[in-house]
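Only one structure is covered here, and it is reproduced in the block below.
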Amino acid sequence: MARLLIVDDEADVREFAANLFRKRKIDVDTAANGTEALEKVAKAIPELILLDISMEGMDGIETLERVKQIDRNIKVIMVTGKQGDEDEAFNRCKNSGALDYIHKPLILDELERIVMGALRKEM
């Protein structure tokens, strides 16, 4: 069974996405911040991480970089609610090994298509 880790400081976003993928028979875990995400990755490597860029403390880009230090093969899809400094953040994410980049508010069909597509490549 595929393992997905959802990292977002907004509880409603985490639960919305987690419930969506649990219904698709995906093993889903969640983390509220980058530190918690790194602890979970160290215990059990997920196939895919859905990672919010804007979080208090360690942001998503730093979390991405540290995840890739643990295992370069973990697929990471970045999530952002910002449009402004998008190009710089997007380039940093891509350069750090992010697979893809999606925007909030999360659109169910887009989220499902991107995540399920990334997981299918893994299986």
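Any read-out appearing in this document is the output of simple, stated calculations on the displayed coordinates, not a laboratory observation. Note that the structure is a prediction, hence the values are computed from the model and not measured. Neighbour counts run over all protein chains shown; Cβ positions are idealised from the backbone, glycine included.
Worth pointing out:
- Any chance VAL79 is outside any helix (DSSP H, G or I) and surrounded by 14 or more Cβ atoms within 10 Å (Cβ to Cβ): yes
- If you filter the stretch 5-29 down to residues that are free of Cβ contacts under 8 Å to residues at least 40 places away in the same chain and touching a Ser or Thr at 6+ places or on another chain (Cβ under 7 Å), you find that the one that is farthest from GLU112 (Cα to Cα) is ARG14.
- In the set (1) surrounded by fewer than 18 Cβ atoms within 10 Å (Cβ to Cβ); (2) within 23 Å of LYS121 (Cα to Cα), the condition left unmet by GLU88 is number (2).
- When GLN69 is tested against the conditions (1) without any contact (Cβ under 8 Å) to a residue 24 or more places away in the chain; (2) surrounded by fewer than 16 Cβ atoms within 10 Å (Cβ to Cβ); (3) touching a strand residue (DSSP E or B) at 6+ places or on another chain (Cβ under 9 Å), the lone failure is (3).
- Residues in the stretch 22-44 that are hydrophobic (A, V, I, L, M, F, W, C) and within 13 Å of the chain's Cα centre (by Cα): VAL28, ALA31, ALA32, ALA37, LEU38, VAL41.
- Taken over the stretch 28-42, the residue count meeting the criterion of being of a type in the set (Gly, Ala, Ser), surrounded by 19 or more Cβ atoms within 10 Å (Cβ to Cβ) and not in a helix (DSSP H, G or I) is 1.
- Checking ILE61 against (1) surrounded by 15 or more Cβ atoms within 10 Å (Cβ to Cβ); (2) of a type outside the set (Lys, Arg); (3) out of contact with any Cys (no Cβ under 9 Å at 6 or more places or on another chain); (4) more than 19 Å from ARG3 (Cα to Cα), the condition it does not meet: (3)
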